[in-house]
Amino acid sequence: MKGRSYLCIRGGEVIDPVRQRRERKDLYIAQGRIVDPATLEPDIPWRIVEAEGKLVCPGLIDLHVHVREPGQAYKETLESCSLSAASGGFTTIVAMPNTSPPLDTPQAVRWLLEQSQKRSAVRILPTGCLTRGRQGKELAPMAALREAGVVAFTDDGDCVQNAELMRRALEYAAMLGVPVLDHCQEKTLTEGAVMNEGYWSSVLGLKGWPSVAEELMVARDILLAEHCQARVHCQHLSSRNSVRLIREARLRGVPVTAEVTPHHLALTEECLKEFDPLYKVNPPLRTRWDCQALAEAVAEGTISVLATDHAPHAPHEKEVELDLAPFGMIGLSTALGVYGRVFVETGLLSWEGVANRLTVGPARVLGLPDPLLEPGRVADLVIVDPDIRWQVDDLSFSGLQGKSPFCGMELLGKVILTMVEGKIVWPKPEDF
Ligand SMILES: [Zn+2]
């Protein structure tokens with residue numbers, strides 16, 4: 001299968017993630033778009049993709065991915081990152097700007113856009129830095145970055161500590177019509193910390209990272225968003241008190257949204273009991289009560305976005321002492337199967353509900369149209385087998401990326417096929 005052709009996806013359960021419903025129907029795709037076959041000539045040689053018993057969903061959007069280019073291709077290349085995304089059902093990924101150089105100039109943003117056009121299997125939407133060099137000292141050239149094509153601003157990996165600067169950033173971002181995505185971390189409370197502050201940090205004798213470091217900044221961002229009437233999106237929530245703050249603010253009508261990662265839903269601080277740097281992540285894994293509160297917040301809609309924070313590192317960087325290892329873990333290939341376990345198996349959400357948090361939720365944060373599979377729309381979609389149980393063993397297909405923190409865990413639901421603009425990008429065209 002090369003390029004685009006006339007394709008019919010037959011007999012699948014097509015998900016409408018807006019209404020959170022599904023309906024058995026055939027989908028026809030021509031020239032990269034979904035079409036109504038009644039409007040075309042009758043003798044088109046449709047190539048059939050059987051989807052009986054499968055879910056057909058608009059392509060997933062990941063609002064939080066560390067694409068390691070420019071500058072850190074030794075961690076992961078654009079090609080392997082995009083393939084990882086495609087294997088996980090993602091057709092659009094939002095790239096964080098903590099690259100080398102960071103995305104704080106229009107040139108760097110344009111470079112990433114040009115390279116992704118040439119080399120990426122999926123759509124990559126860049127974000128721009130909030131502050132120059134992510135130093136938290138002066139604002140990045142936000143208008144020029146927006147003009148170059150960024151869809152949001154963030155200093156992710158870092159958090160602007162200065163409230164006045166954050167206020168100005170929110171005001172400018174609102175003027176430019178895009179949201180600020182904030183990595184909420186009060187830094188004086190997390191100096192030298194490697195894991196959640198609590199029972200396990202005491203047992204293991206490791207410097208603890210209290211959840212209040214996150215909650216302080218979530219609270220600040222809520223108050224600033226309310227004051228400036230500017231949109232703030234809190235990234236990778238990890239604590240149940242953050243959930244409480246977001247819930248209360250959203251009820252009050254503050255323009256704040258939030259996301260949670262697969263690892264903060266499914267893994268706890270106990271994973272670090274063998275001192276394995278694989279589980280060192282920012283913010284840290286917390287307790288099962290936090291996991292539970294985060295999952296319930298997704299189910300009730302307080303957290304409207306599921307995002308991976310996919311952050312690969314080279315093996316030589318991670319295979320060192322815990323204190324020295326960098327923060328971050330991978331997540332694109334396994335996210336959907338983790339959500340199957342956390343939400344669908346437990347009855348917290350249906351697959352349609354999960355699809356909503358993976359398509360409509362992130363699209364609305366970015367101000368994009370609601371993703372739907374209907375005639376006229378671009379054919380970005382994923383076919384999922386909701387019943388397959390699988391183990392994460394071999395992720396080597398995606399090149400450089402390292403070990404998965406979900407190794408050994410049984411996942412529920414697997415991506416069968418991913419399509420971007422009518423072109424099959426997963427399985428890789430040569431093996432299809
Ligand atoms: Zn972050």
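The values are calculated or read from the model by the stated rules, or taken from the named source; none is laboratory data. Note that this is a predicted model, so its numbers are computed, not measured. In this analysis, Cβ positions are derived from the backbone assuming ideal geometry, glycine residues included, and neighbour counts consider all displayed protein chains. Note: accessible area is taken over every heavy atom of the protein model, side chains too, but ligands, DNA and RNA are not part of it. Shrake-Rupley method; radii C 1.70, N 1.55, O 1.52, S 1.80 Å.
Table for the structure above
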quantity: Residue within the stretch 159-171 that is in the same structural domain as ARG252 (by TED's automatic domain parsing), among the polar types (S, T, N, Q), in contact with a helix residue (DSSP H, G or I) (Cβ under 7 Å, 6 or more places away or on another chain) and open to solvent by less than 60 Å² (accessible area, probe 1.4 Å) present; calculated: no
quantity: Close pairs from the stretch 170-191: first without any contact (Cβ under 8 Å) to a residue 40 or more places away in the chain, partner open to solvent by less than 60 Å² (accessible area, probe 1.4 Å) and within 16 Å of the ligand (Cβ to nearest atom), Cβ under 6 Å, at least 6 apart; calculated: GLU186/ALA213; GLU186/MET217; LEU189/ALA213; THR190/TRP209; THR190/ALA213
quantity: Candidates GLY136, GLY192 - the one that is away from the ligand (no atom under 16 Å from the Cβ), at positive phi and assigned by TED's automatic domain parsing to the domain that holds ALA85; calculated: GLY192
quantity: Candidate set from the stretch 53-99 (those that are of a type in the set (A, V, I, L, M, F, W, C), within 16 Å of the ligand (Cβ to nearest atom) and part of a strand (DSSP E or B)); member that is surrounded by the fewest Cβ atoms within 10 Å (Cβ to Cβ); calculated: VAL94
quantity: Residue match in the stretch 220-236 (condition: closer than 17 Å to LEU348 by Cβ and of a type in the set (Asp, Glu)); calculated: no
quantity: Considering residues of the stretch 206-219 that are more than 16 Å from the ligand (Cβ to nearest atom) and under 26 Å from ARG168 (Cα atoms) only, the residue most open to solvent (accessible area, probe 1.4 Å); calculated: VAL212
quantity: Single residue of GLY11, GLY53, GLY88 found to be under 21 Å from ARG377 (Cα atoms) and in contact (Cβ under 8 Å) with a residue 40 or more places away in the chain; calculated: GLY11
quantity: The lone exception for GLY347 - which of (1) surrounded by fewer than 22 Cβ atoms within 10 Å (Cβ to Cβ); (2) part of a loop (DSSP other than H, G, I, E, B); (3) touching a residue at least 12 places away in the same chain (Cβ under 8 Å) it fails; calculated: (3)
quantity: Odd one out for GLN161 among (1) assigned to a loop (DSSP other than H, G, I, E, B); (2) among the polar types (S, T, N, Q); (3) within 27 Å of VAL338 (Cα to Cα); calculated: (3)
quantity: Filtered residue count, the stretch 231-244, keeping only those that are open to solvent by less than 40 Å² (accessible area, probe 1.4 Å) and assigned to a helix (DSSP H, G or I); calculated: 2
quantity: Those residues of the stretch 361-396 which are modelled with pLDDT under 95 and either of a type in the set (A, V, I, L, M) or in contact with an Asp or Glu (Cβ under 9 Å, 6 or more places away or on another chain) (or both), in sequence order; calculated: TRP390, GLN391, VAL392, LEU395
quantity: Filter result for PRO283 (within 16 Å of the ligand (Cβ to nearest atom) and within 19 Å of GLY208 (Cβ to Cβ)); calculated: yes
quantity: In the stretch 169-192, the residues that are within 16 Å of ALA144 (Cβ to Cβ) and in a helix (DSSP H, G or I); calculated: ALA169, TYR172, ALA173, MET175
quantity: Selection from the stretch 43-102 of residues that are assigned by TED's automatic domain parsing to the domain that holds ARG132 and aromatic (Phe, Trp, Tyr); calculated: TYR74, PHE90
quantity: Enumeration of residues in the stretch 286-324 that are within 22 Å of ALA73 (Cβ to Cβ), hydrophobic (A, V, I, L, M, F, W, C) and within 16 Å of the ligand (Cβ to nearest atom); calculated: ALA311
quantity: Scan of the stretch 253-278 for residues that are more than 15 Å from VAL338 (Cα to Cα), touching a residue at least 60 places away in the same chain (Cβ under 8 Å) and either open to solvent by 10 Å² or more (accessible area, probe 1.4 Å) or outside the structural domain of GLU215 (by TED's automatic domain parsing) (or both), ordered by number; calculated: THR257, GLU269, GLU270, CYS271, LYS273, PHE275, LEU278
quantity: Qualifying position, being among the β-branched types (Val, Ile, Thr), assigned by TED's automatic domain parsing to the domain that holds ASP156 and open to solvent by less than 30 Å² (accessible area, probe 1.4 Å), among VAL203, VAL281; calculated: VAL281
quantity: First in the stretch 30-50 and closer than 18 Å to GLU374 by Cβ, second anywhere and modelled with pLDDT under 85, Cβ under 6 Å, 6 or more apart; calculated: GLY32/ARG4
